[in-house]
Amino acid sequence: MKAFFLLAALLVFPGSLLAKTDIHFLIPGGPGGGWDTTARGTGEALVKAGLADNTSFQNLSGGGGGRAIAYLIEMGNKQGDMLMINSTPIVLRALSGQIPNSFRDLKPVVGLIADYGAFVVTKNSPYQSWDAVVAAYRKDPRLVKVAGGSARGSMDHLVAAQAFEAATGNGRALRYIPYDAGGRAKAGLLSGEVQLLSTGLSEALDLADSGEAKILAMTAPQPLADRPNIPTLKSLGCDMSFTNWRGLFASPDTPDAKVAEYAALFKKLMATPQWEAVRKRNGWLNLYEEPKTFLQSLERQESDMRQVMQDLGFIQ
């Protein structure tokens, strides 16, 4: 009898008894940073596109992202559909020994977007161009304190060091001030504690669009169609570019079939107008990579970044 009513319900109300799609995003940093922005923007698009019934978010900062990674490994699938947002720092921090785990301890699910580094000053800064910052740095690197929303030796630091290395040949002298996530780094810039902010382009756009700050340069290899007014370092004569991926990871006990379902869901999402609105708003570049391709990209980046970090003295 139960089977009869179940079948009847499915025939009359197709999909009514299907499991709801509720995705919980685990964010390894505090509010206002690139991970937070990406997770919340992705969740927003999923719900607006009708691909998820509900999305929730958990900021779990600490240990350079290591606390969230450990939590995901420990919790596994006990809390249902939980996915962690992460990016290049999961590679860099594992290489530098700042975190005990790496991407190999998780299940790579999907590469979502590419973001770029950006260098930002306040609207009243004495440095109103990248050339002015470089000139001050050449005179005395101590004149240019650079904020980032991550620890020393991690991505915001490494990107800035690479840029000043390309511009002056002295990236190792960089004075880097770490903050816990991008929101606090922005506050450090606006309060005058530092002269320059090294951050992701999406976070930089929030500041620039509010009128509080100015983007001097970004690390895209070529100008962006959505933001043609923002100069690239290359266009300013500085031979450096950097692309930061952002993607999603599942716990190591997640079945491969479930990972494939997640990947298909996000592929579908990225074809929707709701996703395009979020992408354009944040200045992202679509970078869809299914699990196998995503893992291969992580392995390549690990090899490339090990060499860069050795050259700049970040690791031996």
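The values are calculated or read from the model by the stated rules, or taken from the named source; none is laboratory data. These numbers were taken from a predicted model, which means no experiment stands behind them. A quick note on method: Cβ atoms are made from the backbone with ideal geometry, for glycine too, and the neighbour counts reach across all protein chains shown. Accessible surface areas use protein heavy atoms only, side chains included; no ligands, DNA or RNA. Shrake-Rupley method; radii C 1.70, N 1.55, O 1.52, S 1.80 Å.
So here's what we get for this one:
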item: The listed residue being surrounded by fewer than 18 Cβ atoms within 10 Å (Cβ to Cβ), in a helix (DSSP H, G or I), modelled with pLDDT of 85 or more and out of contact with any helix residue (DSSP H, G or I) (no Cβ under 7 Å at 6 or more places or on another chain), out of 70, 8, 3; result: 70
item: Some residue of region 202-212 being surrounded by 17 or more Cβ atoms within 10 Å (Cβ to Cβ) and on the phi > 0 side of the Ramachandran plot; result: no
item: Flag for residue 242 being open to solvent by less than 10 Å² (accessible area, probe 1.4 Å), in contact with a Phe, Trp or Tyr (Cβ under 8 Å, 6 or more places away or on another chain) and within 27 Å of residue 28 (Cβ to Cβ); result: no
item: Residue in region 195-204 that is closer than 27 Å to residue 25 by Cβ, part of a helix (DSSP H, G or I) and of a type in the set (S, T, N, Q) present; result: yes
item: Spans of strands (runs of 3 or more DSSP E) in region 87-182 with at least 1 residues in contact (Cβ under 8 Å) with a residue 60 or more places away in the chain and of a type in the set (Phe, Trp, Tyr); result: 107-122
item: Any chance residue 198 is more than 28 Å from residue 291 (Cβ to Cβ), over 20 Å from the mean Cα position of the chain (by Cα) and not hydrophobic (A, V, I, L, M, F, W, C); result: no
item: Whichever residue in region 257-289 is open to solvent by less than 80 Å² (accessible area, probe 1.4 Å) and among the basic types (Lys, Arg) and, among such residues, is farthest from residue 205 (Cα to Cα); result: 258
item: Unique match (being open to solvent by 20 Å² or more (accessible area, probe 1.4 Å) and closer than 25 Å to residue 265 by Cα) among 83, 26, 51; result: 51
item: So residue 187, is it free of Cβ contacts under 8 Å to residues at least 60 places away in the same chain and outside any loop (DSSP other than H, G, I, E, B); result: yes
